[in-house]
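Scroll down for the structure; my scribbles are underneath it.
The values are calculated or read from the model by the stated rules, or taken from the named source; none is laboratory data. Not measured: the values here are computed from a predicted model. Glycine also receives a Cβ, built like all others from the backbone with ideal geometry; neighbour counts cover every protein chain displayed.
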Amino acid sequence: MDGTEIRKGKPCLYKKAGVGLSAINYAFLMQTSVFKLIRVVLLDHPKCLNIIDLAIDTYVKTSLGQSIDLKLRKYGKMKPSDFSLFTSECYKSLVHSKTSYYTFIFPFIAGYLVSGRTDLDNITQKFCNILLDIGLIFQIQDDYLDVYGDPNITGIIGTDIQEGKCTWLIVQILPLLSAEDRLILMNCYGLSYSHCVNSIHKLYEKYDLKHRYESAIDDLIAKTIVQIEAIAPPSFATYYKNYLNSIRQKQK
């Protein structure tokens, strides 16, 4: 749907010979197989319907997030009004829907339901709010690696600049730009010409977004760990603290 050609170091399915738009049907097969698998494995489980409902809710939220992402990106020359949507609030809402639910909240809630535990009911919603922010950290890192990551490690060729996407980098740089630099950005962002992409890279370097990124990630991880320690049982706290510390230097 976004024209990407490579994912995880391999050609996207729709780019393979003889596939094309048939990839859409493969996606539907994968989606429906999730519900089939839940029924086969958990049919007699007392929380089977709850888990199916959770999967549906996750699909809806993720699809809405993807729709926002597609609506915000602007291929080609962008208008000044297009950039007015690139705010921290809009970005956070986008990430919570597009990334956080399926990556972090679904696995946590599904595992909790399957386990049959009830001792965490009183903190589940609070912990889900923390997982939303862990998803934010995860997506900020992805945005950074799209521009600065090594394709041999990340397995992707970054195209966020060419696609005019709403990313953490563009949201951060907009309030910092001088009038002259803002004009450069507006004339280049969303265009695939190499000189336009290079101009955006130079702006990112000029405003030291690498350092801003490192500081932001360290700050977000530290704040999230404090939140986890405040409400989570020791076993949960240890797991998620270790995870957050492990992705501090994420490279892919």
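With under 24 Å from HIS211 (Cβ atoms) and not hydrophobic (A, V, I, L, M, F, W, C) as the only criterion, which of ASP143, ASP121 stands out? Let's see the steps before the verdict.
Values: ASP121 fails: under 24 Å from HIS211 (Cβ atoms).
Sole residue among the options that is under 24 Å from HIS211 (Cβ atoms) and not hydrophobic (A, V, I, L, M, F, W, C): ASP143.
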For this session: Would you please name the residue that is farthest from LYS202 (Cα to Cα), looking only at residues in segment 147-190 that are buried (at least 16 other Cβ atoms within 10 Å of the Cβ) and of a type in the set (S, T, N, Q)?
Result: THR154
For this session: Could you tell me which residue of segment 58-90 is modelled with the highest pLDDT, considering only residues that are over 30 Å from PHE108 (Cβ atoms) and either loosely packed, with under 12 Cβ neighbours inside 10 Å or polar (S, T, N, Q) (or both)?
Result: SER84
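Got a sec? Which of GLY3, GLY20 is without any contact (Cβ under 8 Å) to a residue 12 or more places away in the chain, assigned to a loop (DSSP other than H, G, I, E, B) and either in contact with a strand residue (DSSP E or B) (Cβ under 6 Å, 6 or more places away or on another chain) or of a type outside the set (A, V, I, L, M, F, W, C) (or both)? Don't jump to the end; show me each part of the working.
On the way: GLY3 fails: without any contact (Cβ under 8 Å) to a residue 12 or more places away in the chain.
Every option except GLY20 fails the conditions.
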Problem set entry | Yes/no for ASN25 being among the polar types (S, T, N, Q), surrounded by 14 or more Cβ atoms within 10 Å (Cβ to Cβ) and either outside any loop (DSSP other than H, G, I, E, B) or at pLDDT below 90 (or both) | no
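Residues are listed down the side, and each one gets a yes or a no for (1) within 30 Å of PRO11 (Cα to Cα); (2) in contact with a strand residue (DSSP E or B) (Cβ under 6 Å, 6 or more places away or on another chain); (3) polar (S, T, N, Q):
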| site | (1), (2), (3) |
| --- | --- |
| ASP142 | yes, no, no |
| GLY155 | yes, no, no |
| GLY158 | yes, no, no |
| ILE161 | yes, no, no |
| VAL171 | yes, no, no |
| ASP218 | no, no, no |
| ASN245 | no, no, yes |
| GLN251 | yes, no, yes |
For this session: Return yes or no: is ASP143 at pLDDT 95 or above, among the acidic types (Asp, Glu) and crowded, with 17+ Cβ neighbours inside 10 Å?
Result: yes
Seminar exercise, completed: Here the qualifying pairs (Cβ atoms under 8 Å; residues six or more apart or on different chains; first in segment 60-84 and among the small types (Gly, Ala, Ser); second in a loop (DSSP other than H, G, I, E, B) and surrounded by 15 or more Cβ atoms within 10 Å (Cβ to Cβ)) come out as GLY76/GLY164; GLY76/GLY190; GLY76/LEU191
Seminar exercise, completed: Screening ILE170, ILE200, ILE217 for residues that are hydrophobic (A, V, I, L, M, F, W, C), in a helix (DSSP H, G or I) and in contact with a Cys (Cβ under 8 Å, 6 or more places away or on another chain) leaves only ILE200
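Are any residues in segment 198-238 of a type in the set (Ser, Thr, Tyr), farther than 27 Å from PHE108 by Cα and loosely packed, with under 13 Cβ neighbours inside 10 Å, and if so, which ones? Show your work before the answer.
Of all residues in segment 198-238, those of a type in the set (Ser, Thr, Tyr) come to 199, 204, 207, 213, 215, 224, 235, 238.
Filter again for farther than 27 Å from PHE108 by Cα, leaving 199, 204, 207, 213, 215.
Result: SER215, single match.
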Exercise. Do we have any residue at all in segment 52-75 that's of a type in the set (Gly, Ala, Ser), part of a helix (DSSP H, G or I) and more than 21 Å from the chain's Cα centre (by Cα)?
Worked result: no
Seminar exercise, completed: So, first residue without any contact (Cβ under 8 Å) to a residue 12 or more places away in the chain and in a loop (DSSP other than H, G, I, E, B) in segment 148-166, second residue buried (at least 19 other Cβ atoms within 10 Å of the Cβ) and acidic (Asp, Glu), Cβ within less than 8 Å, six or more apart or across chains; the pairs are none
Exercise. In segment 162-185, is there at least one residue being among the basic types (Lys, Arg) and either over 15 Å from the mean Cα position of the chain (by Cα) or more than 17 Å from VAL95 (Cα to Cα) (or both)?
Worked result: yes
Exercise. Looking at segment 5-50, which of its residues are out of contact with any Phe, Trp or Tyr (no Cβ under 8 Å at 6 or more places or on another chain), of a type in the set (Gly, Ala, Ser) and within 26 Å of ASN152 (Cα to Cα)?
Worked result: GLY9, ALA17
